[in-house]
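Novice: The structure follows.
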Amino acid sequence: MQQLNLFAESAPVLPITYYPDFLTLEQANELYQHCLKLEWQQNQIRIAGKTMPVPRLECIYGDNGCNYLYSNSVFLKPLCWTEALSNLRDSITALTGYKFRIVIGNQYRSGIDSIGWHADKEPSMGYEPAIASVSLGSCRKFQIKPRDGKPTDFWLEHGSLLIMHPGCQSTHLHQVPKTNKVVSTRINLTFRPHTGGGR
Ligand SMILES: O=C(O)CCC(=O)C(=O)O
């Protein structure tokens, strides 16, 4: 499988690995159809004292009790793994050695949907989590930058896998910006560790 190691080859050095063809086209199409049927929610987020809709749909699946709170305002309670999601989790673990207990889905309905600059630093994931991100559907720009540096752009393709290695969330921020280009639905699945739950 083609693997782009972004530790050393490109400047700036990035703590991520990108697998453009992690899934075959057939697997990616099938998974995309499965994901469209997941339980998507329009959540509300509180920023600077204002409550507003999260600019994308979200869902969460995972181990019982692995609840997830982010931005001190969005509380996500996982539904039981579907077979397709747990199979995908296991294949990412087999490839990378990283273990995951939840998957958070983001559905970007058009170019207006986005996620702003952030790091995934919620304490419920434990110290220096590895996060695995699978992209399906429309290709969107993903940007990553050191906390005090310049962004590098990637286009996350249908069926690709991006690994953010341990340490990445401490040193780097990432985002999927809005775009004026006409883009249809993109689904992103982020597999994450979790310290809670009954296991
Ligand atoms: O959609 C993506 O590729 C990124 C999602 C993300 O940054 C997140 O869920 O924290």
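The values are calculated or read from the model by the stated rules, or taken from the named source; none is laboratory data. In this text, all values refer to a predicted model and were calculated from it rather than measured experimentally. Here Cβ is always computed from backbone atoms with ideal geometry, including for glycine, and neighbour counts include all displayed protein chains. For accessibility, only protein heavy atoms count, side chains too; no ligands or nucleic acids. Shrake-Rupley method; radii C 1.70, N 1.55, O 1.52, S 1.80 Å.
Novice: Six or more apart or on different chains, Cβ under 8 Å: which pairs go from a residue in the stretch 118-130 that's under 17 Å from GLN175 (Cβ atoms) and touching a residue at least 24 places away in the same chain (Cβ under 8 Å) to one that's surrounded by 14 or more Cβ atoms within 10 Å (Cβ to Cβ) and of a type in the set (A, V, I, L, M)? Could you list them?
Specialist: HIS118/LEU173; ALA119/LEU173; ASP120/ILE131; ASP120/MET164
Novice: I need a count of the residues in the stretch 37-71 that are under 17 Å from HIS194 (Cα atoms) and either part of a loop (DSSP other than H, G, I, E, B) or not hydrophobic (A, V, I, L, M, F, W, C) (or both). Reasoning before the result, please.
Specialist: First, pick out the residues of the stretch 37-71 that are under 17 Å from HIS194 (Cα atoms): 59-71.
Those still in the list that are either part of a loop (DSSP other than H, G, I, E, B) or not hydrophobic (A, V, I, L, M, F, W, C) (or both) too: 61-68, 70-71.
Going through the stretch 37-71 one residue at a time, the tally reaches 10.
Novice: If ILE112 satisfies every condition in (1) out of contact with any strand residue (DSSP E or B) (no Cβ under 6 Å at 6 or more places or on another chain); (2) among the aliphatic types (A, V, I, L, M); (3) closer than 25 Å to GLN27 by Cα but one, which is the exception?
Specialist: All conditions are met except number (3).
Novice: Do you know which of the residues in the stretch 168-177 that are under 22 Å from PRO20 (Cα atoms) and touching a residue at least 60 places away in the same chain (Cβ under 8 Å) is nearest to the ligand (Cβ to nearest atom)? Spell out the reasoning first.
Specialist: Restricting attention to the stretch 168-177, the residues satisfying the condition of being under 22 Å from PRO20 (Cα atoms) are 168-169, 172-177.
Those left that are additionally touching a residue at least 60 places away in the same chain (Cβ under 8 Å): 168, 172, 175-177.
On the way: CYS168: 11, HIS172: 11, GLN175: 7, VAL176: 5, PRO177: 11 Å.
Applying the filter and picking the extreme gives VAL176.
Novice: While we're on this one: Yes or no: ALA28 assigned to a helix (DSSP H, G or I), among the aliphatic types (A, V, I, L, M) and surrounded by fewer than 11 Cβ atoms within 10 Å (Cβ to Cβ)?
Specialist: Values: assigned to a helix (DSSP H, G or I): yes; among the aliphatic types (A, V, I, L, M): yes; surrounded by fewer than 11 Cβ atoms within 10 Å (Cβ to Cβ): no.
So ALA28 fails the test.
Novice: Please work out if SER71 is within 13 Å of the ligand (Cβ to nearest atom) and exposed (fewer than 14 other Cβ atoms within 10 Å of the Cβ). Working first, answer last.
Specialist: On the way: within 13 Å of the ligand (Cβ to nearest atom): yes; exposed (fewer than 14 other Cβ atoms within 10 Å of the Cβ): yes.
Against the criterion (within 13 Å of the ligand (Cβ to nearest atom) and exposed (fewer than 14 other Cβ atoms within 10 Å of the Cβ)), SER71 qualifies.
Novice: Next question. Could you check ARG192 against (1) within 11 Å of the ligand (Cβ to nearest atom); (2) surrounded by fewer than 16 Cβ atoms within 10 Å (Cβ to Cβ) and say which number it fails?
Specialist: The number of the failed condition is (2).
Novice: Considering only the stretch 127-147, I want to know if a residue exists there that is more than 12 Å from the chain's Cα centre (by Cα) and within 9 Å of the ligand (Cβ to nearest atom).
Specialist: So the first thing to find is which residues in the stretch 127-147 are more than 12 Å from the chain's Cα centre (by Cα), and the list is 127-129, 137-141, 143-147.
Subsequent filtering for residues that are within 9 Å of the ligand (Cβ to nearest atom) retains 140.
Yes: one or more hits.
Novice: Report yes if SER184 is part of a helix (DSSP H, G or I), away from the ligand (no atom under 14 Å from the Cβ) and out of contact with any helix residue (DSSP H, G or I) (no Cβ under 9 Å at 6 or more places or on another chain), otherwise no. Reasoning before the result, please.
Specialist: Working: part of a helix (DSSP H, G or I): no; away from the ligand (no atom under 14 Å from the Cβ): yes; out of contact with any helix residue (DSSP H, G or I) (no Cβ under 9 Å at 6 or more places or on another chain): yes.
Spelling it out, it is not the case that SER184 is part of a helix (DSSP H, G or I), away from the ligand (no atom under 14 Å from the Cβ) and out of contact with any helix residue (DSSP H, G or I) (no Cβ under 9 Å at 6 or more places or on another chain).
Novice: I would also like to ask the following. Pairs needed: first member in the stretch 89-111, touching a residue at least 60 places away in the same chain (Cβ under 8 Å) and more than 14 Å from HIS165 (Cβ to Cβ); second member anywhere, among the basic types (Lys, Arg) and open to solvent by 60 Å² or more (accessible area, probe 1.4 Å); C-beta distance under 9 Å; at least 6 residues apart or different chains.
Specialist: What qualifies is ARG89/LYS99; ARG101/ARG199; GLY111/LYS178; GLY111/LYS181.
Novice: Next question, about the same structure. Restricting attention to strands (runs of 3 or more DSSP E) lying wholly within the stretch 84-152, give those where 1 or more residues are β-branched (Val, Ile, Thr) and open to solvent by 20 Å² or more (accessible area, probe 1.4 Å).
Specialist: On the way: elements: 102-108, 115-118, 131-137, 140-146.
Output list reads 115-118.
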